[in-house]
């Protein structure tokens, strides 16, 4: 019996060896791991990130929230802003999207300018050839190519009926516009500020609108010009280009404008 009990005690002693050495060993491993993490972090992140890692480690070693429970990547404000800017301004090819769009817009504007300049030269040659410099002029700007036609060239005073001899102007403009169907065309009528009240026109709005429409309809007699891109408007006396206090100023204000409008503004 005593022999059996001795064996039993010996077994119990062997099964319950002193394992207290594991605690400092585990602590040493934890400290070594923490040291490697700190060394890696200090070589890869900026000072702000390093401070965040250091505080997390201190909290974990002091019994707070474990460092390993907060392993989400640490990003500084500057990194976040850089990432947002990168997503907003960089396309799949790595190019700045805003810059690329601006470049494309400038290229389109340049191309349209060349096209409208070409049309302007054709119109100016027509004006010079037919000695119409006093009656017609062309103006190219960032919005449109504008053909300005004196009302006396087209209509009798107070009338919206196109003069027979001036119909050739509308026909010639129409022929030149055939080649530029990518642009919309606005035909606008303008008057001076002297009131009108006749059986046919009760206001300058009515007169200017009728003149613009009638001139446009002669242009559209050319079936190849593309009528779906045209419209007319009457502005009355409200868009003057000169003073209405003189005869010459009022004469300049009475006009029809054919505006070939850019697609890119």
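The length gained on full extension between residue 32 and residue 139, counted as 0.36 nm times the residue separation minus their Cα-Cα distance, comes to 30.6 nm. Ranked by how many other Cβ atoms sit within 10 Å of their own Cβ, fewest first, the residues 100, 150, 208 fall in the order 100, 150, 208. Per-residue extension of 0.36 nm, minus the Cα-Cα distance of residue 176 and residue 243, leaves a gain of 20.9 nm for this segment. Among 256, 218, the ranking by other beta carbons within 10 Å of each residue's beta carbon, starting with the fewest, stands as 218, 256.
Here the simple spin-label model places points 7 Å from the Cα toward Cβ, and for residue 102 and residue 163 these points are separated by 5.0 nm.
Would you order 238, 126 from fewest to most other beta-carbon atoms within 10 Å of each residue's own beta-carbon?
Numbers: 238 12, 126 17.
The order, fewest Cβ neighbours first, is 238, 126.
Rounded to two decimals, the Cα-based Rg/Rh of the range 105-261, with Kirkwood Rh, is 0.97. Computed FRET efficiency, Cβ-Cβ of residue 194 and residue 113, R0 45 Å: what is it to the nearest 0.05? The value I calculate is 0.75.
Read the figures in this text as sums done on the coordinates, not as results from a lab. Quick caveat, the model's predicted, so the values are computed rather than measured. Because the Cβ atoms are built from the backbone with ideal geometry, glycine has one as well, and the counts that use them run over all protein chains shown.
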